[in-house]
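So the structure is just underneath, and the comments pick up after that.
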Amino acid sequence: MEHTLHTLKSTVSDLTQEISATSLLATSEVEEFRIRFLGQKRGVITHLFKVIPTLPKEDRREAGQLLNSLRSVAQSKLDSANLAGNQLTDHSSQIDLTLPGRQNQWRGSLHPITLALTKITNIFYRMGFTIAEGPEIEDDWHNFTALNFPDDHPARDMQDTLFIDEGNPDQSRIMMRTHTSPVQIRMMVAGDPPFRLIAPGRVYRNETITYKSYCLFHQVEGLVIDEGVTMADLKTTIYSFAHAFFGKNVKLRYRPSFFPFTEPSAELDIWWELPDHPDGGRWMEVLGSGMVHPNVLKAVGIDPERYTGYAFGMGVERPAMLHYDIKDIRTLYENDIRFLSQF
Ligand code: DAH
């Protein structure tokens, strides 16, 4: 069709009306609209721009303005349809306002061993003990010899101990420490009495793994050295601890025992109520303790005629298992979220 400025004007006004009357809802309608009006090849407006050079020179400027404004009417129709379309998909597919809110983002919690350790150390901290640490890789002297273990003691055997370096059999063997007692030795070598400390940490043994034994576990060691310290101080301290940890009504038994590094030695048991048990429960060993052996004091250069002291050592896993009713020690090391999130 041949165009004059006049026919062009009426075409533009028809198209403007058509555009404003169009409602673009479906995505396919939006695309059809784009092709019909603004398509690079067959778009109506694109086509009309080609008319301009055929018009008399004096009409071309006005024709250009008309077509530019028609094009921006079409373009803004398209833009607002696209915008509405995006919002439509946002609301319909990504946010469902009728769903209940998500209450719990993942929130961490403390491991039951950490909880038990913290409880134990807090009790001793309140009784005036400081906290010491020692290495988990030890040598024979700190782990055994200085603690008055005889050369043929079974704990020095491959059966119980994870040796890293067999070395020569006397003093230079390197091992994973089998207990926290070597921290007593390290602290006494490094400082001068009085001492009043606990030493929490990991220990390792070459154990057969079962529901109640694992190759690694935790202990808390205690050491008090001063002038005039007696067994009455020891008993009072560990009874106070037991009442604070297990409750005032706990039933306790303190009975003689043996450890190479204490003399005399005693162990503390607590009564574990078990309704199904024929005796209504059973005694559970909680800690070993005693008066520090004079040979240990001599090994670290402390005069046993002047200073006396006591020591104790307890496991952490068993009290934690009792407290939280955990039936198998292995669950403490498996890092299963379903288990851990209960604490
Ligand atoms: N070290 C001992 C163990 O692992 C526990 C122990 C007993 C520690 C008596 C002590 C103590 O300090 O006096 O079996």
Exercise. Given the conditions (1) open to solvent by 10 Å² or more (accessible area, probe 1.4 Å); (2) in contact (Cβ under 8 Å) with a residue 24 or more places away in the chain; (3) of a type outside the set (A, V, I, L, M); (4) under 25 Å from HIS142 (Cα atoms), report the number of the one that GLU221 does not fulfil.
Key: (1)
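A quick yes/no check of all residues on (1) closer than 19 Å to PRO304 by Cβ; (2) away from the ligand (no atom under 11 Å from the Cβ); (3) at pLDDT below 95:
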| position | (1), (2), (3) |
| --- | --- |
| VAL183 | no, no, no |
| MET188 | yes, yes, no |
| PHE195 | yes, yes, no |
| PRO200 | no, yes, no |
| VAL203 | no, no, no |
| GLU221 | no, no, no |
| GLU227 | yes, yes, no |
Quiz item: Which pairs have Cβ atoms under 6 Å, sit 6 or more apart or on different chains, and link a residue in region 256-273 that is under 19 Å from LEU147 (Cα atoms) and of a type outside the set (Ser, Thr, Tyr) to one that is open to solvent by 50 Å² or more (accessible area, probe 1.4 Å) and within 12 Å of the ligand (Cβ to nearest atom)?
Solution: GLU267/GLU285
Quiz item: Does SER265 satisfy the criteria of being of a type in the set (S, T, N, Q), within 16 Å of the ligand (Cβ to nearest atom) and out of contact with any Asp or Glu (no Cβ under 8 Å at 6 or more places or on another chain)?
Solution: yes
Quiz item: So which residues in region 141-159 are over 16 Å from PRO200 (Cα atoms), surrounded by 14 or more Cβ atoms within 10 Å (Cβ to Cβ) and either in contact with a Ser or Thr (Cβ under 7 Å, 6 or more places away or on another chain) or hydrophobic (A, V, I, L, M, F, W, C) (or both), if there are any at all?
Solution: TRP141, PHE144, ALA146, LEU147, PHE149, ALA155
Quiz item: Being more than 35 Å from the chain's Cα centre (by Cα) and more than 23 Å from HIS153 (Cα to Cα), is that true of even one residue in region 199-216?
Solution: no
Exercise. Return the pairs, sorted by first residue and then second, in which the second residue is modelled with pLDDT of 95 or more and of a type in the set (Asp, Glu), the first residue lies in region 173-185 and is within 16 Å of ILE225 (Cβ to Cβ) and in a strand (DSSP E or B), the beta carbons are less than 8 Å apart, and the residues are 6+ apart or on different chains.
Key: none
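Here's the yes/no breakdown for (1) assigned to a helix (DSSP H, G or I); (2) more than 10 Å from the ligand (Cβ to nearest atom); (3) modelled with pLDDT under 95; (4) open to solvent by 20 Å² or more (accessible area, probe 1.4 Å):
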| site | (1), (2), (3), (4) |
| --- | --- |
| PRO275 | no, yes, yes, yes |
| VAL286 | no, yes, yes, no |
| MET291 | no, no, no, yes |
| GLY301 | no, yes, no, yes |
| GLU305 | no, yes, no, yes |
| ALA311 | no, no, no, no |
Quiz item: For region 1-78, list the helices (runs of 4 or more DSSP H) that sit wholly inside it and hold at least 2 residues that are basic (Lys, Arg), loosely packed, with under 13 Cβ neighbours inside 10 Å and in contact with a Pro (Cβ under 9 Å, 6 or more places away or on another chain); which are they?
Solution: none
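The values are calculated or read from the model by the stated rules, or taken from the named source; none is laboratory data. All figures in this text were calculated on a predicted structure; none of them were measured in a lab. Positions of Cβ are generated from backbone atoms using ideal geometry, with glycine treated the same way; all protein chains shown enter the neighbour counts. The accessibility values were calculated without ligands, DNA or RNA, using every heavy atom of the protein model including side chains. Shrake-Rupley method; radii C 1.70, N 1.55, O 1.52, S 1.80 Å.
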